[in-house]
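Reviewing the structure listed below.
Coordinate-derived values only; no laboratory data. Keep in mind that this is a model prediction, so the values were computed, not measured. When we count neighbours, we look across all protein chains shown, and the Cβ atoms used for this are built from the backbone with ideal geometry, even at glycine.
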2 protein chains.
Amino acid sequence: MSMGDVIDRGERGRVTLQVIAEKLDVSTATVSLALRDSPVVAEATKSRVQALARELGYIYNRSAASLRTARTNMIAVGFHDITNPYFAEMLVAVEETAAEAGRTILLGTYGESLERQERVLGTLKEYRPDGMILCPAGGATAESLAHLTAARIPVVQISREIEGVGLDFVGSDDVQGAHLAIAHLVELGHTRIAMIGGMEDTSTGWCRHRGYREAIEKHGLRFDPDLVYMDYGTRQTGLAGIQKVLALPDPPTAAFCFNDLTAFGALLGLRRCGREAGLDFSIVGCDDVQEAAQWYPALTTVRNNHAEMGRRAAELLIERIERPDLPPRRVLIRPELIVRASTVAA
Amino acid sequence: MSMGDVIDRGERGRVTLQVIAEKLDVSTATVSLALRDSPVVAEATKSRVQALARELGYIYNRSAASLRTARTNMIAVGFHDITNPYFAEMLVAVEETAAEAGRTILLGTYGESLERQERVLGTLKEYRPDGMILCPAGGATAESLAHLTAARIPVVQISREIEGVGLDFVGSDDVQGAHLAIAHLVELGHTRIAMIGGMEDTSTGWCRHRGYREAIEKHGLRFDPDLVYMDYGTRQTGLAGIQKVLALPDPPTAAFCFNDLTAFGALLGLRRCGREAGLDFSIVGCDDVQEAAQWYPALTTVRNNHAEMGRRAAELLIERIERPDLPPRRVLIRPELIVRASTVAA
């Protein structure tokens, strides 16, 4: 009998192997093997053991089993914001991929607060997950994650990247994404193009703002800081940002939004100003969450393949857990422009 | 020295109490107590131990500690859909309340699939969470959860209720919510009121449909099954449902939507038909997620206080873990009508 099966000392009235063994008049070792579906136990016996265990509510004890194998089969996920559908949809992909590989998700969230992030990651760590998938809060640095690397916990960064931390990363080529958005708007004849949302203390914000500026200048347009509205990418930021730039003496005719959430806010903000994307203004989002195609007008956006990102991150982490000495890997998923109805000729 | 601290047998090069004790020339018992912030250890010693432990990446081993205390301090959350902001926002409230009480969330999702739900709940159970918070998939019955009650795992049902299962429940008075919505529309002079979304195989769908029909008849209107479009509450359901009822020979002038997500879809679907909520049609949602107030027109909706629901569920569960013999409790949160701009006189 192995350690995973014996830790039933009757708390909460739990059923032990002993009880099952006595009821069926077999050894506890047989019960243990049968519950693990071992080929050495006769099929008929296995069925009887499994049926009784089920009936009695026996639960295999992973907590004890993990001491034996030094694996908990838990993957900790630390995300700043799961109310953004981009991260909720990504989390579903992480969870499904982990579940297929027999792992369960431990979840922690912390908004954009470094202090909360430190506390949440510290707690997740205490549960000894086999590894972690993280999207850090704004402003996080290599030092923020040093306690994880010191503890040699396998970590994959997703979406937002802290450079120089020596960890695996899966994300989108955010500079390239911004280039795609601006090229599309320039092709439609826009010359005053705003950028709404995004903060430079995250890699996604920094890279998309860099791509925006590079592309503006590459196409021979003037970079105008008045057309840039910075804040974390929320609906509220889009609502406020679009109204701010429309109030300028020389307003833009188009806007590239940091993410789809910001774009949805900007679409609503436009309507509050009596304007309409796809008619007298153009909006490009970034992410391609499910809601983007459902919108009216349907949102033109940069697809970051976030479900693929979630799957790849879970796969990289599972590989990293098996082979901790692999060199750090950096997977950049190629963004694509998805043209829908929210953009129109200038 | 207690069991929680010793299980470092060098896997992945982890730091043991022994190493810290040797480096600081103190006993392992002192290290153990210092890491637990025990008052019997001098402050100066505690600081040195804690600083070195941090520097070396020592992690307190909850897995071993849980064998000692028979508690894992994990709360399993099984939700059908976290991409609906209602459940994502509720999950944040559960997670924050659990974190304040020193608990971490194990997450599983299963869509509306009973087969997937069974698999996911079975896996979550193996991690021996101290308790579970569940919103079951459509069609779930008392039998679906029998394996949890047999295993005497404390469970709190949230939002969707399976009656007769003898478990705690926190949700909204969904019949009453539908009454509030219909009373508001009747007061505005509407007599042809559609109901879009919701399935009778969940308590929320069943109760809101029942409330809709009761209220229609109470106000002396005719219940017309053509005005009812049933499906799970998604944006897609709202998009399709509103277009279906608007195509009727005698179309409605208002719709009560099963949830806000359905209402957002209906608002977009209306626009596809050249109509506008708050001008020539009225839409009432149900939930009051953050996006409802941000919409243009801002959504009139039934507020279900889902953050409060998440907090209460976590609190009830923590009480239930301490006192497993409490009788089942049923907390119905009173819904409120929030009138915004998406409703207008007929």
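B:E322 to A:L56: FRET efficiency via 1/(1 + (r/R0)^6), r the Cβ-Cβ distance, R0 25 Å, to the nearest 0.05? Each step should come with its number before you reach the end.
Values: r = 25 Å, r/R0 = 0.99.
Efficiency for this residue pair is about 0.50.
Based on Cβ point charges of +1 for Lys and Arg and -1 for Asp and Glu, what charge dipole magnitude is obtained for the range B:174-304 about its Cα centre, in debye rounded to the nearest 20?
Here the size comes out at about 200 debye.
I'd like the distance between the alpha-carbon centres of the range B:161-185 and the range B:295-337, rounded to an integer number of Å.
11 Å
Can you compute 3J(HN,Hα) from phi for each residue in the range B:229-242, using the Karplus curve 6.51 cos²θ - 1.76 cosθ + 1.60 with θ = phi - 60°, rounded to whole Hz and x for Gly and Pro?
10, 9, 5, 4, x, 10, 4, 4, 4, x, 4, 6, x, 5
So between B:T191 and B:D280, what do we pick up on full extension, going 0.36 nm a residue minus the alpha carbon distance? Please report the intermediate quantities before stating the final value.
Numbers: separation 89, 0.36 × 89 = 32.04 nm, distance 1.43 nm.
Contour length minus Cα-Cα distance gives 30.6 nm.
P(r) for the range B:194-237, please, calculated from all Cα pair distances in 10 Å bins and given in %.
Computed distribution, short to long bins: 30, 53, 17, 1.
Roughly how many debye, to the nearest 20, is the charge dipole of the protein assembly as shown about its Cα centre, given +1 on each Lys and Arg Cβ, -1 on each Asp and Glu Cβ, and no other charges? Intermediate results must be reported in sequence, preceding the final value.
Details: 76 positive and 90 negative charges, 184 e Å.
It works out to roughly 880 debye.
Would you pull out the residues with amide H under 5 Å of B:T300's amide H, same chain only if 5 or more places away, H placed 1.01 Å from N?
Those lying under 5 Å, H to H, from B:T300 are B:G285, B:R340, B:A341, B:S342, B:T343.
How much of the DSSP beta bridge set in the range A:174-304 is antiparallel, as a percent to the nearest 5? Before the final figure, lay out the partial values.
Numbers: 1 of 15 bridges.
Around 5 percent antiparallel, to the nearest 5.
With only Lys, Arg, Asp and Glu charged, each at its Cβ (+1 for the first two, -1 for the last two), find how big the charge dipole of chain A is about the Cα centre; round to the nearest 20 debye. Intermediate values should be presented prior to the final figure.
Values: 38 positive and 45 negative charges, 121 e Å.
Once rounded to the nearest 20, the dipole reads 580 debye.
Hey, could you pull the Cα Rg and Dmax for the range B:174-304, both in Å?
In order Rg, Dmax, the Cα atoms of the range B:174-304 give 12.8, 35 Å.
I need the Debye-formula profile for the range A:109-165: one equal scatterer per C-alpha, no solvent, reported as log10 I(q)/I(0) at q = 0.14, 0.20, 0.22 1/Å, two decimals.
-0.32, -0.68, -0.84
Return the Cα extents of the range B:256-346 along principal axes one, two and three, sorted largest first, each rounded to a whole Å.
Projected onto its principal axes, the Cα set of the range B:256-346 covers 57, 21, 18 Å.
Which net charge results for the neighbourhood of B:L52, defined as the other residues with beta-carbon distances under 13 angstrom from its beta-carbon, given Lys and Arg at +1 and Asp and Glu at -1? Spell out each step's value before the answer.
Numbers: positive: B:K23, B:K46, B:R48, B:R54; negative: B:E22, B:D25, B:E55.
Neighbourhood net charge equals +1.
Per residue Cα convex hull volume for the range B:219-283, in cubic angstrom?
Details: hull volume 5.8 nm³, N = 65.
Per-residue hull volume (Cα only) is 90 Å³.
Can you pull the percent of Cα pairs in the range A:68-124 with separation above 13 Å? Can you show the working numbers first?
Details: 996 of 1596 pairs.
For the range A:68-124, the share of Cα pairs beyond 13 Å comes to 62 percent.
Given 4 °C and 1.567 mPa s, how large is the Stokes-Einstein diffusion coefficient of chain B in µm²/s, with Rh as the Kirkwood radius over Cα pairs?
Numbers: Rh = 22.6 Å.
It comes out at roughly 57 µm²/s.
Rg and Dmax of the protein assembly as shown, using alpha carbons, in Å: what are they?
For the protein assembly as shown, the Cα radius of gyration and maximum Cα-Cα distance read 27.4, 88 Å.
What are the distances, in nm and sorted shortest first, from the label point of A:R334 to the label points of the same position in each other copy, with each label point placed 7 Å from Cα along the Cα-to-Cβ direction?
Label-point distances to the other copies, shortest first: 6.0 nm.
Would you calculate, for the protein assembly as shown, the mean residue ellipticity at 222 nm contributed by helices, counting each DSSP H stretch of 4 or more residues as -39,500 (n - 2.57) and dividing by all residues, to the nearest 500?
Details: 28 runs with 306 residues, N = 692.
Value at 222 nm, helices only: -13500 deg cm²/dmol.
Please report the antiparallel percentage of DSSP beta bridges with both residues in chain A, rounded to the nearest 5.
DSSP beta bridges in chain A are roughly 10 percent antiparallel.
Antiparallel versus total DSSP beta bridges in the protein assembly as shown: what percent is that, nearest 5? Show your work: numbers first, answer last.
Working: 11 of 79 bridges.
Around 15 percent antiparallel, to the nearest 5.
Please determine, in degrees from 0 to 90 and to the nearest 10, the orientation of helix A:203-218 with respect to the longest principal axis defined by the Cα atoms of chain A, where the helix direction is its Cα long axis.
Orientation of helix A:203-218: about 30 degrees from the principal axis.
Quick one: angle between helix A:306-322 and the longest Cα principal axis of chain A, in degrees between 0 and 90, rounded to 10, please.
Approximately 40 degrees, to the nearest ten.
If N is the number of residues in the range A:91-247, what value comes out of its Cα radius of gyration divided by 2.2 N^0.38 Å?
On the way: Rg = 18.5 Å, N = 157, 2.2 N^0.38 = 15.0 Å.
Rounded to two decimals, the normalised Rg is 1.23.
Between B:G138 and residues 5 or more places away or on another chain, which pairs have amide H atoms under 5 Å apart, with H built 1.01 Å from N, and which residues are they?
The list, which skips near neighbours in sequence, is empty: none.
Could you list which residues have their amide H under 5 Å from that of B:V331, counting only those 5 or more apart in sequence or on another chain, with H placed in the peptide plane?
Those qualifying (amide H under 5 Å, at least 5 residues apart or on another chain) are B:F169, B:V170, B:G171.
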